[in-house]
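Asks: One structure coming up, written as structure tokens, with questions to follow.
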Amino acid sequence: MDPILQTDIKYVKSVGPLRAKLLGEELNIFTLRDLLYHFPYKYIDRSVIHSISNLVEGMPYVLLKGQVVAKNVEGSGRRERLTALFTDGTGMVELVWFNSLRMWDKRLLYNHTYLLLGKPAWFNGRLNIAHPELEDADAASDQPLTMQPHYHTSERMKKQGVTSHTLAELVQRAFEMVQGHPLSDPLPEYLRTRYNLQPFMQALHTLHHPGQATDLPDATRRFKFEELFFLQLDILRYSQSRRQNTQGFPFLRVGNHFLDFYHHSMPFELTGAQKRVIREIRADLATGRQMNRLLQGDVGSGKTMVALLCCLLATDNNFQACIMAPTEILAEQHYASLTGYLNDHPVRVALLTGAVKGKQRKAVMQGVADGSVNILVGTHALIEPTVSFLNLGFVVIDEQHRFGVKQRAMLWQKNVRPPHILVMTATPIPRTLAMTVYGDLDVSVIDELPPGRKPIQTLHYRQADRHKLVEGIRHQLREGRQAYVVYPLIKENEKQNLRDLETGYNQLVDTFPEFRVGMVHGKMKPAEKEAAMQQFKCGNTHLLVSTTVIEVGVNVPNASVMVIENAERFGLAQLHQLRGRVGRGADQSYCILMTENRLSDLTRRRMQVMVDTTDGFVIAEEDMKLRGPGDLEGTAQSGMPFDLKIAHLVKDRELMEVARQAAADVLLADPAENLPQHQTMWQHLQRLKKTRINFSAIS
Ligand code: ADP
Ligand code: MG
């Protein structure tokens, strides 16, 4: 169908084999269809020149016309930047460059009229535009006054003379080539009517050649929907077939291991949420299908106990279980809590990490192979092929975001049928994102903390308030409490990291001569790290200076203060994880976010979110709204069947819900995938999937 759209790009006039190769390699454009789906990433509305005095927050790219009246290179090293003042007679805006300063410094002329394109932002109440595009106003005056599309290109393409402008011309030719050919819409008409979506060609034309800015939203929505719909269709289709076809081990018994422990050895009553989650898991385990479940629960919500009870169920059904943690420290901690809880129960728990060596390692491996080890705790070394279980039936993965989809799949090979998998995470992922990224996982949530916890009080201090911080820490330490001081990791600058950490350490030693200060960081040997942690755990050191190595899972109930230096450098989810290291005892705990004095509005808002709430889900949602999904998106993208070009995983999550529902309805109505009105749609899905495979084969 629509063979014209499958035309090789090299047949477009002026492309030829060389440029076709370039377009394929740089932008994955191979066919006319790919070219037409290469949408502009922005438009410049050349029909409106704005006045500086009329700019308001939240405006997209705007065009200004005026002159540069001052310029200045400020700061040094990493912080060096070029600033310039730009005026159009109605107001003043500060322009800022952080890169290529020298070039811009030379290029900027006084007494010269520029057309400026940029995105206005406010910083400490002052209007500024970072990295604007500037062109000579006179030279630009013969350009048509319309919405001008701008297309992504790469450095390599620019070097070979293929610019955004070239792409605009190619798109134009593509339109000419398809003209007169009836093109079928990948979205069936009834769906378009139901969800009020523009037809394919109309929307396509608008996206490349909008008459005015107000034409864009409808056309954009149509293609965002299309993209999200096919994404959801693929995910749902895959997870349905997997669910129907993957046989698991039925766990039919609740036996003595579980019951004895539950009735006689539980140190506390389970919370309602813990009980509900265990019921959900038990129901899964009884079905005969393999369980794949994500357990989300905020820091301190008691996921470990849930994991332990699941392992005991496995033991009762004559299966082995294992728990994987992302670091050795955490694996050791899990091992310690499990052996503590199980005390004199006849269940053998063993630890396997890189630190377990020689005879001891051999004994553990032997026990795993002959089945005498019931529960194996360790790092991801557990999934290596050399570790062979007699009969593995249940796997717990703690802190999932460090275990990829592929690693999970490796586990499936560990027994004749895949073991049940419980992935536990304290990183709260908003529901829509979880549904998409972990489309093949069912989700359980522990949305309740054990009783009696005092909410952590969070304060935001700036450098100018540092004396208050010192007093606060001293007060807590005198009460017998302990404190963490965490420094951010600066990417790609390990020396600087260590220097910041050491400076911080020395300052604390000077400030608190009456207390002992310890330090941990990622460059230390595991044994040194462990020793430093141990000193802090048993109270020999009172202050612990560290990088984010303590982020996950570390448990020192006597620590009541968490100081986070340069808090503005952390994502909110990470701040939340760090904050969760305190508030584990009965005392009031504090989290102090230290930042610079001068802050962007965005940073100020982000800190305020942390001060206002301790609910991890609220924080995750806010973080995504304010900053975009950051790390999560990286993880998310890698787990997705194909890349999104126009829709955004987080910003478009409402539309994603709609698209998911639509996809679910389609699957329900057409399980055999043979309804005539769906044929174009199924073919389109096949094509999307095929393209992806080709790409991965190339790269
Ligand atoms: P996380 O979900 O962060 O892994 P943990 O499992 O480490 O949380 O539990 C945090 C603390 O709460 C532990 O000290 C644990 O013993 C305790 N805890 C867990 N469940 C309960 C409960 N139902 N009642 C009281 N304390 C609990
Ligand atoms: Mg935990």
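The values are calculated or read from the model by the stated rules, or taken from the named source; none is laboratory data. Quantities reported herein were computed from a predicted structural model and do not represent experimental measurements. Virtual Cβ from ideal backbone geometry, glycine too; neighbours counted across all protein chains shown. Ligands, DNA and RNA are excluded from the accessible area calculation, which covers all protein heavy atoms including side chains. Shrake-Rupley method; radii C 1.70, N 1.55, O 1.52, S 1.80 Å.
Asks: What is the Cα centroid distance between the stretch 87-101 and the stretch 1-68, reported in whole angstrom?
Replies: One Cα centre to the other: 26 Å.
Asks: Tell me, what ³J(HN,Hα) does each residue in the stretch 215-231 have, in order and in whole Hz, if you take phi through Karplus 6.51 cos²θ - 1.76 cosθ + 1.60 with θ = phi - 60° and put x for Gly and Pro?
Replies: Along the stretch 215-231, the couplings run 6, 5, x, 5, 5, 4, 4, 4, 6, 4, 4, 3, 5, 5, 4, 5, 4 Hz.
Asks: How big is the charge dipole of the chain about its Cα centre, in debye rounded to the nearest 20, if each Lys and Arg gets +1 on its Cβ and each Asp and Glu gets -1 on its Cβ? Display every interim value, and only then the final one.
Replies: Numbers: 82 positive and 75 negative charges, 261 e Å.
I would put it at about 1260 debye.
Asks: Can you tell which of W97, A331, F175 lies farthest toward the positive end of the dipole of the chain, using +1 and -1 charges on the Cβ of basic and acidic side chains (Lys, Arg; Asp, Glu)?
Replies: Farthest towards the positive pole: A331.
Asks: Expressed in whole Å with the largest first, what are the equivalent ellipsoid semi-axes of the stretch 48-145 derived from the C-alpha gyration tensor as the square root of 5 times each eigenvalue? List each step's numbers first, then the result.
Replies: Numbers: eigenvalues 91, 57, 27 Å².
Calculated on Cα positions only, the semi-axes equal 21, 17, 12 Å.
Asks: Let me ask another. I need the chymotrypsin sites (Phe, Trp or Tyr not before Pro) found in the stretch 202-284, filtered to DSSP loop residues with at most 12 other beta carbons within 10 Å of theirs.
Replies: Working: sites: F223, F225, F229, F230, Y238, F251, F258, F261, Y262, F268; in loops: F251, F268.
Those that pass, being in a loop and sparsely packed, are F268.
Asks: Given Cβ point charges of +1 (Lys, Arg) and -1 (Asp, Glu) and nothing else, what value in debye, to the nearest 20, does the dipole of the stretch 461-619 about its Cα centre take? Show your work: numbers first, answer last.
Replies: Details: 22 positive and 19 negative charges, 11 e Å.
That gives a dipole near 60 debye.
Asks: Could you please state how large a percent of the accessible area of the stretch 211-273 is carbon and sulfur, counting protein chains only and using a 1.4 Å probe? Intermediate results must be reported in sequence, preceding the final value.
Replies: On the way: 1530 of 3150 Å².
The C+S portion of the solvent-accessible surface of the stretch 211-273 is 49 percent.
Asks: Then there's this: Per residue, how much accessible area does the chain show when a 1.4 Å probe rolls over the protein heavy atoms, in square angstrom? It would help to have the intermediate numbers written out before the result.
Replies: Details: 32900 Å² over 699 residues.
That works out to 47 Å² per residue.
Asks: Summing -39500 (n - 2.57) over the DSSP H runs of n ≥ 4 in the chain and dividing by its residue number, what mean residue ellipticity at 222 nm do you reach, to the nearest 500 deg cm²/dmol? Could you put the intermediate results ahead of the total?
Replies: On the way: 25 runs with 289 residues, N = 699.
It lands at -12500 deg cm²/dmol.
Asks: Scan around M147 for amide H atoms under 5 Å from its own, H built in the peptide plane at 1.01 Å from N, and keep only partners 5 or more places away or cross-chain.
Replies: Amide H neighbours of M147, under 5 Å, 5+ apart: R46.
Asks: With θ taken as phi - 60° and the coefficients 6.51, -1.76 and 1.60, list the Karplus ³J(HN,Hα) couplings across the stretch 671-685 in order, rounded to whole Hz; mark glycine and proline as x.
Replies: So the Karplus estimates, Gly and Pro as x, are x, 8, 6, 10, 5, x, 5, 9, 4, 4, 5, 5, 5, 4, 4 Hz.
Asks: With N set to the number of residues, divide the alpha-carbon radius of gyration of the stretch 196-293 by 2.2 N^0.38 Å and report two decimals.
Replies: Values: Rg = 24.9 Å, N = 98, 2.2 N^0.38 = 12.6 Å.
Output field value: 1.98.
Asks: Among N566, N497, A669, which residue has its Cα furthest toward the positive end of the charge dipole of the chain, with +1 on Lys/Arg Cβ and -1 on Asp/Glu Cβ?
Replies: Farthest towards the positive pole: N497.
Asks: Amide H to amide H, which residues 5 or more places from L392 or on other chains are under 5 Å from it, using H placed in the peptide plane?
Replies: For L392, the qualifying residues are Q320.
Asks: In a Debye calculation with equal point scatterers on the alpha-carbon sites of the stretch 491-531 and no solvent, what is log10 I(q)/I(0) at q = 0.33 Å⁻¹?
Replies: So the normalised log intensities are -1.05.
Asks: Computed over the Cα atoms of the chain, what is the ratio Rg over Rh, Rh following Kirkwood? Please list the in-between numbers first.
Replies: Values: Rg = 29.3 Å, Rh = 29.2 Å.
Here the Rg-to-Rh quotient is 1.01.
Asks: Enumerate the amide H contacts of V443 below 5 Å, restricted to partners 5 or more residues apart or on another chain; note that Pro and chain-start residues carry no placed amide H.
Replies: Those qualifying (amide H under 5 Å, at least 5 residues apart or on another chain) are L294.
Asks: Given R₀ = 41 Å, what would the calculated FRET efficiency be for L675 paired with A283, taking r from the Cβ atoms and rounding to 0.05? Display every interim value, and only then the final one.
Replies: Working: r = 34 Å, r/R0 = 0.82.
With R0 = 41 Å, the Cβ-Cβ based efficiency is 0.75.
Asks: Okay, next question. Determine the distance separating the Cα centre of the stretch 443-493 from the Cα centre of the stretch 560-578; give it in Å without decimals.
Replies: Distance between centres, Cα-based: 8 Å.
Asks: In the chain, once you exclude exposed GluC sites (Glu not before Pro) (DSSP loop, at most 10 other Cβ within 10 angstrom), what's the longest stretch remaining? Numbers along the way, then the final one.
Replies: Numbers: sites that count: E57, E269, E479, E492, E514.
That would be 58-268.
Asks: Further, regarding this structure: Which loop-located trypsin sites (Lys or Arg not before Pro) does the stretch 247-284 contain, where loop means any DSSP state but H, G, I, E or B and the Cβ has at most 16 other Cβ atoms within 10 Å? Write down the numbers at each step before the final one.
Replies: Numbers: sites: R253, K275, R276, R279, R282; in loops: R253.
Sites meeting the loop and neighbour criteria: R253.
Asks: For the stretch 457-613, what does the convex hull of the Cα positions come to per residue, in cubic angstrom? Mind showing how you got there, number by number?
Replies: Working: hull volume 17.2 nm³, N = 157.
That works out to 110 Å³ per residue.
Asks: Got a number for carbon plus sulfur as a percent of the stretch 60-170's accessible area, 1.4 Å probe? List each step's numbers first, then the result.
Replies: On the way: 3190 of 6180 Å².
C and S fraction of accessible area: 52 percent.
Asks: For the stretch 41-56, take each phi angle, set θ = phi - 60°, evaluate the Karplus expression 6.51 cos²θ - 1.76 cosθ + 1.60, and give the result in whole Hz per residue in order, putting x for glycine and proline.
Replies: 8, 7, 10, 10, 7, 7, 7, 10, 9, 7, 9, 4, 5, 9, 5, 10
Asks: Mind checking which lysines have their C-alpha under 29 Å from K689, skipping anything on the same chain fewer than 8 residues away?
Replies: Excluding near neighbours in sequence, the set is K10, K13, K21, K42, K224, K406, K414, K645, K651.
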